[in-house]
Amino acid sequence: MIDGSGERYDVAVIGAGMAGMAAALFAAQRGLSCILIGSSGSLLFASGLLDLLAVQPVAERRLWSSPYAALAALAQAQPEHPLARIDPSAIGTAFQTLVSALASAGLDYAPLGEHNSNVLTSIGTVKTSFGVPLTMVAGVAALGQRPPCLLLDFRGLREFSARQIAATLADGWPALRHQRIDFPGFEAMPEVNAVHLARALETRETRARTIALIQPLLGDARVVGLPAILGLGRAREVHAEFEARLGVPVFEIPTMPTSVPGLRLLQAMEAVASVHGVRRQQSSVRALTFDGSTALLELDVQAGARVSAGAVVLATGRFSGRGLTADRQGVRESLLGLPVQQPASREAWHQRDFLDPTGHAINRAGLRTDGDFRPLDASGQSAWPGLFAIGSILADQDWMRAKCGSGLAVATAWSAIAQIAHQLRGTEPETSTR
């Protein structure tokens, strides 16, 4: 707990989803003392894939094989979009920094190149993403080549159906077979949970028994697909053993949230933040005030608990993260009452057609910022020189439909922390915004 006298940090990050976690990590790597405040539950809903930018423009649903080509098109069409305001080389560096940190915590991603990858989903559709966990990479190659493939699921695992995937892909992938088996030790259970299975596979005996069940089913299969259950903190080890003993590439398919890959990502992010000295406080901020060059944060952990910081990063998300609040009067920023860019009336929030290709205006509501991601006040000036906003709370983006959620989080976190380091430590400013 933080006592009433308070603690002093260079940076206080409010919100512990992908954007907040990335900001805290980037700050600590630059030698800035940092406290990360908030619950990290949103990462449990992550697929484990790191989207950069896949769809542009969203109204046309155009998919791009290169996220960097998509970023160039975005900059031409929507220069006000947060990603369009950050130099692509800085975005690439941010992603590489993040995946390198995750690898140090045992969560490996495929080498990042210049292109997106196509990844199979749990309903048999294809998702275009940039950063792919190494446990899923063989599936990317399989989607491209369509070799004889065995898809497996487990009796009682209701969130995943190998049969449904095979049926969806049957016309374009005739050599795709499916099989359902009992998970060793869980045979008597009518329903099983992916997280429980992942933990069970971290024991040598369960791995051996599961692999022994799969081996007689291989037939002509040159690759095997499984739901994403190959371990939690030891996924690297579990996946490698499955491939070695089955003698073919093995790939995971992300399941419905809450997912094992999301839990892996959360654990890895927390681990690297801890190693770099980030102070974690699973609380909320009751009040935030500014005194000259210092921010004062009152926390909900106990009466009078306070933190002070030289800079504050708002990574509080949108409605589900409670960074934004909506009522009959409109949309409000929840902590400071910052003005929110939004449609002029509630009637304009949504299109009549839920699936309208242009999307809903409410999804693009959010905070306006200056070029360095400092949120603006009602007069159009930065609310406080050391206050920054990052991630999905920003205006002029529709991250879900553009498939750029991680890109938005990671890139804006990198840009904001670069500015904070320059502001607090006098480091040379980077070419992070344009």
* Asked: Taking segment 129-160 as the region of interest, how many residues are touching a helix residue (DSSP H, G or I) at 6+ places or on another chain (Cβ under 9 Å), on the phi < 0 side of the Ramachandran plot and not aliphatic (A, V, I, L, M)?
  -> 11
* To do: State whether one or more residues within segment 368-386 are crowded, with 21+ Cβ neighbours inside 10 Å and outside any loop (DSSP other than H, G, I, E, B).
  => yes
* To do: Scan segment 80-101 and give yes if some residue there is of a type in the set (Lys, Arg), within 30 Å of GLU7 (Cβ to Cβ), modelled with pLDDT of 95 or more and surrounded by 18 or more Cβ atoms within 10 Å (Cβ to Cβ), otherwise no.
  => no
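Conditions (1) modelled with pLDDT under 95; (2) part of a strand (DSSP E or B); (3) charged (D, E, K, R), marked per residue:
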| position | (1), (2), (3) |
| --- | --- |
| ARG401 | yes, no, yes |
| GLY407 | no, no, no |
| ALA416 | no, no, no |
| LEU424 | yes, no, no |
| THR427 | yes, no, no |
* Going through segment 102-121 one residue at a time, which ones are in contact with a Pro (Cβ under 9 Å, 6 or more places away or on another chain), surrounded by fewer than 21 Cβ atoms within 10 Å (Cβ to Cβ) and either closer than 26 Å to MET400 by Cβ or at pLDDT below 95 (or both)? -> ALA110, GLU114, HIS115, THR121
* Structure fact -> Note: among LEU324, LEU376, LEU355, just one is touching a helix residue (DSSP H, G or I) at 6+ places or on another chain (Cβ under 8 Å) and in the same structural domain as LEU53 (by TED's automatic domain parsing), namely LEU324
* Could you please tell me which pairs satisfy a Cβ distance under 8 Å, a separation of 6+ or placement on different chains, a first residue in segment 147-158 that is without any contact (Cβ under 8 Å) to a residue 40 or more places away in the chain, and a second residue that is among the charged types (D, E, K, R) and not in a loop (DSSP other than H, G, I, E, B)? => ARG155/ARG180
* Unmet criterion (only one of (1) touching a Cys at 6+ places or on another chain (Cβ under 6 Å); (2) at pLDDT below 95) for GLY124 -> (1)
* Structure fact -> Flagged in segment 269-301 as crowded, with 23+ Cβ neighbours inside 10 Å and small (Gly, Ala, Ser), in numbering order, are ALA273
* Asked: Which numbered condition trips up PHE183, out of (1) assigned to a loop (DSSP other than H, G, I, E, B); (2) surrounded by fewer than 21 Cβ atoms within 10 Å (Cβ to Cβ); (3) modelled with pLDDT of 95 or more?
  -> (2)
* May I ask you to verify whether ALA228 is farther than 21 Å from GLY156 by Cβ and modelled with pLDDT of 95 or more? => no
* Asked: Which ranges mark the strands (runs of 3 or more DSSP E) fully within segment 220-332 that have 1 or more residues being within 19 Å of ALA19 (Cα to Cα) and in contact (Cβ under 8 Å) with a residue 60 or more places away in the chain?
  -> 279-281, 285-291, 306-314, 324-327
* Applying the selection to segment 235-255, what residues are at pLDDT 95 or above and farther than 13 Å from VAL137 by Cβ? -> GLU237, VAL238, GLU241, PHE242, ALA244, ARG245, LEU246, GLY247, VAL248
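Taking the residues in segment 116-135 that are in contact with a Leu (Cβ under 8 Å, 6 or more places away or on another chain) and of a type in the set (A, V, I, L, M, F, W, C) as candidates, determine which candidate is nearest to ALA69 (Cα to Cα). Reasoning before the result, please.
Our first condition is that a residue be in contact with a Leu (Cβ under 8 Å, 6 or more places away or on another chain); within segment 116-135, this holds for 116, 118-120, 124, 126-133, 135.
Retained after the next criterion (residues that are of a type in the set (A, V, I, L, M, F, W, C)): 119-120, 126, 130, 132.
Numbers: VAL119: 20, LEU120: 23, VAL126: 20, PHE130: 13, VAL132: 19 Å.
By that ranking, first place goes to PHE130.
One line per residue, one yes/no per condition, for (1) outside any loop (DSSP other than H, G, I, E, B); (2) surrounded by 19 or more Cβ atoms within 10 Å (Cβ to Cβ):
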residue	(1), (2)
LYS127	yes, no
ALA141	yes, no
LEU152	yes, yes
PHE160	no, yes
ASP171	no, no
GLU191	no, no
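Taking segment 208-238, which residues are more than 20 Å from PRO147 (Cα to Cα) and in contact with a strand residue (DSSP E or B) (Cβ under 7 Å, 6 or more places away or on another chain)? Spell out how you get there, then give the answer.
From segment 208-238, those more than 20 Å from PRO147 (Cα to Cα) are 208-213, 228-238; that's our starting set.
Within segment 208-238, LEU213, ALA228, LEU230 meet the criteria.
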* Scan segment 351-368 and report the pairs whose first residue is in contact (Cβ under 8 Å) with a residue 40 or more places away in the chain and whose second residue is surrounded by 15 or more Cβ atoms within 10 Å (Cβ to Cβ) and among the β-branched types (Val, Ile, Thr), with Cβ atoms within less than 7 Å and a gap of 6+ or a chain change. => GLY359/VAL58; ALA365/VAL331; ALA365/VAL340; GLY366/VAL340; GLY366/ILE393; LEU367/VAL340; LEU367/ILE393
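The values are calculated or read from the model by the stated rules, or taken from the named source; none is laboratory data. Since the structure is predicted, the reported quantities are computational estimates derived from the model, not experimental observations. Cβ atoms come from the backbone with ideal geometry, glycine included; neighbour counts cover every protein chain shown.
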